[in-house]
1. Is it the case, given these coordinates, that Ser261 is at pLDDT below 80, part of a helix (DSSP H, G or I) and under 21 Å from Ser205 (Cβ atoms)?
2. Name every residue in segment 321-346 that is more than 23 Å from Leu414 (Cβ to Cβ), open to solvent by 60 Å² or more (accessible area, probe 1.4 Å) and either of a type in the set (S, T, N, Q) or in contact with a helix residue (DSSP H, G or I) (Cβ under 6 Å, 6 or more places away or on another chain) (or both), in order of residue number.
3. Give me the residue from segment 79-124 that is open to solvent by less than 50 Å² (accessible area, probe 1.4 Å) and without any contact (Cβ under 8 Å) to a residue 24 or more places away in the chain and, out of that set, farthest from Phe176 (Cα to Cα).
4. Checking the structure you have, find out if any residue of segment 386-403 is touching a residue at least 40 places away in the same chain (Cβ under 8 Å), under 30 Å from Tyr281 (Cα atoms) and open to solvent by 80 Å² or more (accessible area, probe 1.4 Å).
5. Of all the residues that make up segment 407-430, how many are farther than 14 Å from Leu357 by Cα, of a type outside the set (A, V, I, L, M) and surrounded by fewer than 20 Cβ atoms within 10 Å (Cβ to Cβ)?
6. State all residues of segment 178-226 that are in a loop (DSSP other than H, G, I, E, B) and in contact with a Leu (Cβ under 6 Å, 6 or more places away or on another chain); if no residue qualifies, say none.
7. Check off (1) modelled with pLDDT under 75; (2) under 30 Å from Phe99 (Cβ atoms) for Gly240 and give me the number that stays unchecked.
8. What number goes with the only condition from (1) closer than 30 Å to Phe276 by Cβ; (2) open to solvent by 40 Å² or more (accessible area, probe 1.4 Å); (3) modelled with pLDDT under 90 that Val40 does not pass?
Amino acid sequence: MAVVSRQDPCLREVVWFAVCCRALTLLLQASPLFLSQKAVFNLLIPDHAADAFSPPRLPEPGLWDLLLEQLLGGLSRWDAEHFLFIAERGYLYEHNCAFFPLYPLALRALAEGALWPLQRLLRLRSRLLLSAVLLNSFFSILAAAALYKLGCAVLRCGRLAFLAALLFSLSPANVFMAAAYSESMFAFLTFSAMWQLEKGQSWLSGLLFSLASGVRANGLINAGFFLYSRSKCFALQLQGGSGSVRKLPPLWKQLLSLASSAVLVCAGIFLPFALFQYYAYVRFCGAGTDLEPTVPKLLLQLALDKGYRLVATNGDKPPWCSQRFPVVYSYIQDAYWNVGFLRYFELRQIPNFLLALPVTLLGSWAAWTYIIANPRHCLTLGLERRKSEEGGKPSAGFCCPAVFVYVVHATVLLAFGFFCMHVQVLTRFLGSSSPVLYWFSAHLLQEHEPLLRSEGTDHQTAALGSEKSLRGQSGSCGKRTPENPVVRLLLNCGLITPLGKCILGFFLSFWLLGLILHCNFLPWT
């Protein structure tokens, strides 16, 4: 990345801005030692007594553990407790299986590897928390860089890709990119896989998508990108001129190649999910085991007090074990968190729907804007060859044909999250899974902000298909480090249009409020 960043000043600025935003997040979350030795926001707001998973600390923490907890403890709230507990003790409780294993494995590897020299000072749980902060900082920076490269490939407008990548560092889901959650790792793997697929690296893209499905369950949906890419390539070949058709292999060979590659890649993407479900079945539905010698009594007592199900003992198996398809993930979502179609549509959930309103409106507006700009392209699912493509001059910007599959992906996630999930998680759900939230926000700012239009941004400048030409496209920022458009807007906030204030207000308010509320165990997205 260092070599690339020297060649591309925009990428260098994206990485630098991401580093600064991550450092600012950690600085705001924890105050300097000489000021208070307590998290800044923990001083402003007392911790909320949340009825969330909070296992006892075993063994008792030492002085350095307590110090680290004071500085970074705000990043171990809510679901972060699950990830840290799994990394430390494995899948002891049934409902831990809602959290996929790749991220906890990475935490354990770093804690036992690079941070092993600290074992005399910090117990394992503290090293896991420190590992989470380091890994998430690293992955969030890489995700910003991957989003920039993906934007250059898809949008074919370097300046729009540049602005979108900068907005990612101010993501409304910022606190979940910093806390011990899997969002940063998932965003990096997903954006990187999308970028590799745009470059034609199908097998590398499939590998990255497969790893992403080992981080979060919604990584399975990413198989649609590969299926669409192969289907579109096949459809466009069939619509080629008579001269090009004669050069192609027979139709049956093309269909066989399409089907075999689709099956192999999709099987690879689904494999981590299937293996994890099998592991859970063997662990919780297999022969009963005696837990007494291996599990501390405090953890056994926690299971009794809270009703947590442990590994099967004395033949007592959970109900999902007897299902035709014993999938623990869907059972946990249903039984523990009441996740299902329209189950969240209750009057008492109105505040959570209000939390999800900004991202819902933005996502819906993005889909509507794209449909209005490309009605025929949407009706034909983007499988019809366009005259502009035949001339070798594809359009650029958010409404270009290449964005279609990303808009469909974001819309599916938005609809599923709104109707079937706890709606308040929509912000981090979309913010870590889809580039559309950032592309469309950048599109609106470029279109409506005079401060950005005065830079001479040309949305319709098409880039050539090669990686070298993409670097040249983004290199339109100049050989020198480009001016950061986000910083320019913030420094001239009085000149920003009402629409720009709404967009930046949404990003910045959620960026800051997430830190204040989440770090003090208050409900957030």
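The values are calculated or read from the model by the stated rules, or taken from the named source; none is laboratory data. Treat the numbers as computed from the prediction; the structure is a model and nothing was measured. A quick note on method: Cβ atoms are made from the backbone with ideal geometry, for glycine too, and the neighbour counts reach across all protein chains shown. Note: areas computed on protein heavy atoms with side chains; ligands, DNA, RNA excluded. Shrake-Rupley method; radii C 1.70, N 1.55, O 1.52, S 1.80 Å.
1. Values: at pLDDT below 80: no; part of a helix (DSSP H, G or I): yes; under 21 Å from Ser205 (Cβ atoms): yes.
No.
2. Ser322, Gln323, Tyr336
3. Gly113
4. No, every residue in segment 386-403 fails to be touching a residue at least 40 places away in the same chain (Cβ under 8 Å), under 30 Å from Tyr281 (Cα atoms) and open to solvent by 80 Å² or more (accessible area, probe 1.4 Å).
5. Residues meeting the conditions: 3.
6. To start, the set of residues in segment 178-226 that are in a loop (DSSP other than H, G, I, E, B) comprises 179-182, 199-201, 214-216.
Those that are in a loop (DSSP other than H, G, I, E, B) and in contact with a Leu (Cβ under 6 Å, 6 or more places away or on another chain): Ala179, Ala180, Gly214, Val215.
7. (2)
8. Only one criterion is unmet by Val40, namely (1).
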